[in-house]
2 protein chains.
Amino acid sequence: MSTPSPQAVTIRDVAHAAGVHVSTVSRALNPERRGLISEEVLRVVEEAAQRLGYRPNRAAAALRTGRTRTIGVLVPDITNAVFPPILQGIEASASARGYFVFVTNVVDHALARPIVERMMAQKVDGVVLAIATRDDPLLDFLRQAGMKAVLVNRADESGRLPAVVSDDRLAMKLAVDHLVGTGHRRIAHLAGPQDVPTGVARRQGVEQALRDRGLPLAAEAECDSYSREAGRRAMAQLLAQHDRPEAVVCCNDLVALGAYDELRARGLRVPQDISITGHNDMPLVDMVDPPLTTIRLPHRELGWRAAEMLFDEIEGRALSASTVVLRPELVVRESTCARTG
Amino acid sequence: MSTPSPQAVTIRDVAHAAGVHVSTVSRALNPERRGLISEEVLRVVEEAAQRLGYRPNRAAAALRTGRTRTIGVLVPDITNAVFPPILQGIEASASARGYFVFVTNVVDHALARPIVERMMAQKVDGVVLAIATRDDPLLDFLRQAGMKAVLVNRADESGRLPAVVSDDRLAMKLAVDHLVGTGHRRIAHLAGPQDVPTGVARRQGVEQALRDRGLPLAAEAECDSYSREAGRRAMAQLLAQHDRPEAVVCCNDLVALGAYDELRARGLRVPQDISITGHNDMPLVDMVDPPLTTIRLPHRELGWRAAEMLFDEIEGRALSASTVVLRPELVVRESTCARTG
DNA sequence: GTGAAAGCGCTAACAA
DNA sequence: TTGTTAGCGCTTTCAC
C-alpha cells in the first residue's frame with residue numbers, strides 16, 4: 001500500500017488498468033455521466049481507480065472546462081471577529097459542494113481591484129465580497145468582466161449584485177426601542193463610517209426609530225473606522241459638543257468598547273451615568289465590565305447563504321432572491337439599565 | 001477601453017499583436033527568462049500585453065509546470081481568536097510572493113486526511129498545518145506523498161516536519177515566575193488537552209518552573225478542549241478535589257475565562273481570593289473583569305514565518321532552520337495581585 | 001535571440 | 001455503450 005510519488009497516477013493509468021479507454025474512465029468518474037456506462041465497466045473502473053489511488057488532476061480539468069471549483073473571498077480584516085464566522089459559513093458550504101476557498105485580506109481598498117484580477121487569472125468560478133464600499137466601482141468591473149459575485153454583510157444599494165445582509169435598520173430599532181422602553185429619552189448615536197453601507201443604514205435606523213417614538217436624536221458623532229480607538233475618539237467628541245446623553249447607541253461593539261474606554265477615563269459609569277449598546281455580539285463582550293447589551297447577528301448563516309447563492313449562480317440554478325435580509329436580535333446585558341427620570 | 005469578455009485574450013493574441021511567436025511572449029513575460037529577449041522585442045510584447053489586458057491563465061500554466069502558486073492552510077477553528085492573526089501573517093507573505101491561500105476549517109480531525117488529499121488533487125504547492133496532534137499519522141502521509149508542509153503553532157515532537165512555534169515552556173515559566181515573585185506559593189495548573197503538543201508542553205513548563213523555584217504543583221486538572229466551558233469544568237473539578245490554591249496558571253485565555261465563570265458562580269473573587277493567568281492575549285481580555293494577566297504571542301509573525309519557510313522550500317531555497325521558536329512575553333494586568341501571607 | 005513543436009491531464013464532440 | 005480525436009493555454013526543449 002505504498003503511496004505513489006507525486007503526480008503518479010493519471011486517468012490513463014486507470015484506463016490501462018481497467019482495460020478501457022480514458023474517456024470511459026472520465027465518464028465513469030463523473031457523477032453526471034456515469035449513467036451512460038454499463039454496470040460492469042463502472043465496477044471495473046471504480047475498482048481500478050480505487051486500487052491505484054487515482055485523484056483527478058484539477059488543473060487539467062480546469063484548463064479543459066474553464067471551471068476550477070474554487071471561489072475567492074475578500075474580507076477587509078480577518079482579525080475583526082465579525083468575519084471568522086462568516087468565513088466559516090462560506091467554507092462549510094463550499095466544502096459540502098466540493099469547492100475550495102481562497103481567502104484574502106484586503107488591507108487597503110485600492111488593492112481590491114488587482115486582487116480580483118489575480119483571482120480572475122486564477123480562474124475562480126466566483127467571488128464573495130465582504131468589502132463593498134458605497135457606489136463601489138469594483139462592482140461594475142465585476143459585472144463587466146462577467147465574474148459571478150455575491151456580497152455579504154454589506155449590500156449594494158444600487159442592487160447591481162446579489163447580497164446577503166443583516167437588517168441594520170431593524171437592529172438599531174431594537175436597540176432604540178429597548179432604551180426607550182427602559183425609560184431613556186436623551187439618546188445619542190456613535191455612527192459608523194459613512195462611506196460604508198452599514199454605517200449609513202445603521203445611522204438611518206437610529207434616526208427612524210427615534211422618529212417613530214417621537215424623540216429627537218440627542219447627539220451624534222461619526223467614527224472613521226469600526227475600531228475601539230475610533231469609538232473612543234468619537235465618544236470624546238460627542239461629550240465635548242453636547243450635554244451628556246442618557247444612552248448611546250453604538251454602530252458596533254468595538255466602538256462601544258472604545259466608548260467604555262473614554263467614559264472610564266472621565267470617571268463616568270456604565271450604565272449608571274450612561275447606557276451603552278453595541279452591535280455584533282462579538283465573542284467576550286459578555287465578559288467585559290459591564291457585559292455589553294448588543295445586537296446579535298447570524299454571522300455564520302450570512303456566510304453560508306452568500307456562498308449558497310454564489311454556487312447556485314455558478315451552477316446555473318435560478319437565483320431565488322437577489323437580496324437576502326436576515327433578522328438580528330437584541331441581547332440585553334448590563335450596559336443598559338432602567339432610567340426613572 | 002471595454003473589458004474583454006471572460007477568457008478572451010490569450011498568449012496567442014498577444015503574440016499575434018506583437019508580431020512574434022507565443023514562446024517569445026512566454027519568455028518575455030517570465031521574469032526569470034526575460035534576459036534572453038532583446039530590448040526591442042521585450043518592449044513590443046509588454047506593450048501588446050498591456051494594451052490587450054492579457055492575464056496569463058494560471059490553470060494552463062499549472063498543468064504544464066505542475067506548480068500552481070497556491071498553498072493550503074488547515075486550521076482547527078477559525079473563530080478561535082488565535083488563528084486569524086496567524087492566517088493574516090500567512091496571507092501577507094503569500095500575497096507578497098504571488099501565491100493564493102486556500103483556507104479550510106478542520107472541524108473534525110478525522111477529516112484532515114481527505115482534505116489534504118483534495119488539496120493534492122488541486123495541486124497546491126504546499127500546506128501549512130495548524131492542526132497537528134501528537135504523533136499525527138497525517139505527517140507521515142504528507143512526507144510519503146512528497147507534499148511540502150510546515151507546521152505552525154503546534155510543533156511535531158518527532159521533528160518530521162519543520163515548524164514555527166512559540167516557546168510554550170518559557171511562556172509558562174514567565175507566568176509562574178511572576179506569581180512566585182508576587183508572593184504566591186500554592187500554585188495550580190489548568191492543563192490543556194494532552195493529545196495536543198501545546199497542552200503537553202505548557203504543563204511541563206509549569207511543572208519545570210515550579211521545580212526550579214523549589215515549589216510543588218499545588219493541584220492540576222485537565223481540560224478536554226481549549227474552551228471556556230472546558231475551563232469552567234476543570235476549575236470546578238480542581239476546587240472539588242484540592243484545597244483552594246492561591247493562584248491558577250491556565251493553559252489558555254478561554255480556559256482562564258472559564259475559570260472566572262466558575263469562581264464567580266462560587267462567590268470567589270479574582271484576584272483577591274485566587275490569582276489567574278492566561279495564555280495568548282486574545283483581543284478583549286484586557287477588558288474583561290478583571291483584566292487578564294496573560295502571555296502574549298507573536299501570532300502574526302508565527303504565520304508569516306511559517307509561510308516564508310514553506311515558500312523557501314517550494315522554491316528550492318535552503319531551509320535555514322527546521323524549527324523556529326519565537327519568544328512570548330508576559331502581560332501583567334489585574335487578575336493577579338501581590339500575596340502577603 | 002527567436003521560432004517550431006510537443007505535450008501536461010483531462011473532457012466532450014463525434015463516430016461507431 | 002464505448003472509442004477516437006481534438007484541443008483547452010501554457011512552458012520548454014530543441015533547432016536554427
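The values are calculated or read from the model by the stated rules, or taken from the named source; none is laboratory data. Model, not experiment: these values are computed from the prediction. FYI the Cβ positions are ideal-geometry reconstructions off the backbone, even for glycines, and counts take in every protein chain you see.
Return only the number of the condition from (1) within 13 Å of DNA strand C (Cβ to nearest atom); (2) surrounded by 17 or more Cβ atoms within 10 Å (Cβ to Cβ); (3) within 14 Å of chain B (Cβ to nearest Cβ) that residue A:27 does not satisfy.
(3)
Okay, residues lined up against (1) over 23 Å from residue A:304 (Cβ atoms); (2) free of Cβ contacts under 8 Å to residues at least 40 places away in the same chain:
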site: A:147; (1), (2): no, yes
site: A:150; (1), (2): no, no
site: A:157; (1), (2): yes, no
site: A:167; (1), (2): no, no
site: A:172; (1), (2): yes, no
site: A:184; (1), (2): yes, no
site: A:214; (1), (2): yes, yes
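Take residue A:8 and decide whether it is at pLDDT below 95, within 30 Å of residue A:228 (Cα to Cα) and more than 16 Å from DNA strand D (Cβ to nearest atom).
No; evaluated as a whole, the condition is false for this residue.
Considering only residues that are among the aliphatic types (A, V, I, L, M), more than 8 Å from chain A (Cβ to nearest Cβ) and under 19 Å from residue B:151 (Cα atoms), look in segment B:88-98 and name the one that is surrounded by the most Cβ atoms within 10 Å (Cβ to Cβ).
B:90
List the pairs whose first member sits in segment A:99-110 and is more than 7 Å from chain B (Cβ to nearest Cβ), whose second member is among the β-branched types (Val, Ile, Thr), and whose Cβ atoms are under 8 Å apart, counting only residues at least 6 apart or on separate chains?
Note: pairs meeting the criteria are A:99/A:70; A:99/A:71; A:106/A:75; A:106/A:115; A:106/A:131; A:109/A:131; A:109/A:133.
Name the single residue, out of those in segment B:185-200 being among the charged types (D, E, K, R) and more than 22 Å from the chain's Cα centre (by Cα), that is farthest from residue B:135 (Cα to Cα).
Here the residue is B:185.
If you check B:43, B:64, B:51, which single one turns out to be more than 14 Å from chain A (Cβ to nearest Cβ), within 16 Å of DNA strand C (Cβ to nearest atom) and part of a helix (DSSP H, G or I)?
That would be B:43, the only listed residue that is more than 14 Å from chain A (Cβ to nearest Cβ), within 16 Å of DNA strand C (Cβ to nearest atom) and part of a helix (DSSP H, G or I).
Could you count how many residues in segment B:67-80 are away from DNA strand D (no atom under 16 Å from the Cβ) and either within 7 Å of another protein chain (Cβ to nearest Cβ) or among the acidic types (Asp, Glu) (or both)?
The number of residues fulfilling the criteria is 3.
Which of (1) surrounded by fewer than 16 Cβ atoms within 10 Å (Cβ to Cβ); (2) free of Cβ contacts under 8 Å to residues at least 40 places away in the same chain does residue A:319 not meet, given it meets every other one?
In the conditions (1) surrounded by fewer than 16 Cβ atoms within 10 Å (Cβ to Cβ); (2) free of Cβ contacts under 8 Å to residues at least 40 places away in the same chain, residue A:319 misses (2) alone.
Which members of segment A:67-87 meet the condition of being of a type in the set (A, V, I, L, M, F, W, C) and either surrounded by fewer than 17 Cβ atoms within 10 Å (Cβ to Cβ) or not in a helix (DSSP H, G or I) (or both)?
Within segment A:67-87, A:71, A:73, A:74, A:75, A:78, A:81, A:82 qualify.
Do we have residue A:32 as within 11 Å of another protein chain (Cβ to nearest Cβ), without any contact (Cβ under 8 Å) to a residue 24 or more places away in the chain and not polar (S, T, N, Q) here?
No.
Can you spot a residue in segment B:235-243 that is surrounded by fewer than 24 Cβ atoms within 10 Å (Cβ to Cβ), touching a Pro at 6+ places or on another chain (Cβ under 9 Å) and at pLDDT below 95?
Looking for residues that are surrounded by fewer than 24 Cβ atoms within 10 Å (Cβ to Cβ), touching a Pro at 6+ places or on another chain (Cβ under 9 Å) and at pLDDT below 95, one finds none in segment B:235-243, hence no.
Picking from B:63, B:29, B:36, which residue would you name as being within 14 Å of DNA strand D (Cβ to nearest atom) and touching a Pro at 6+ places or on another chain (Cβ under 8 Å)?
B:29
Tell me, which strands (runs of 3 or more DSSP E) lie completely within segment B:97-153 with 1 or more residues that are within 16 Å of residue B:69 (Cβ to Cβ) and touching a Lys or Arg at 6+ places or on another chain (Cβ under 9 Å)?
Qualifying strands (runs of 3 or more DSSP E): B:100-105, B:126-129.
Among the residues of segment A:255-283, write down those that are modelled with pLDDT under 95 and surrounded by 23 or more Cβ atoms within 10 Å (Cβ to Cβ).
Answer for segment A:255-283, where residues must be modelled with pLDDT under 95 and surrounded by 23 or more Cβ atoms within 10 Å (Cβ to Cβ): just A:282.
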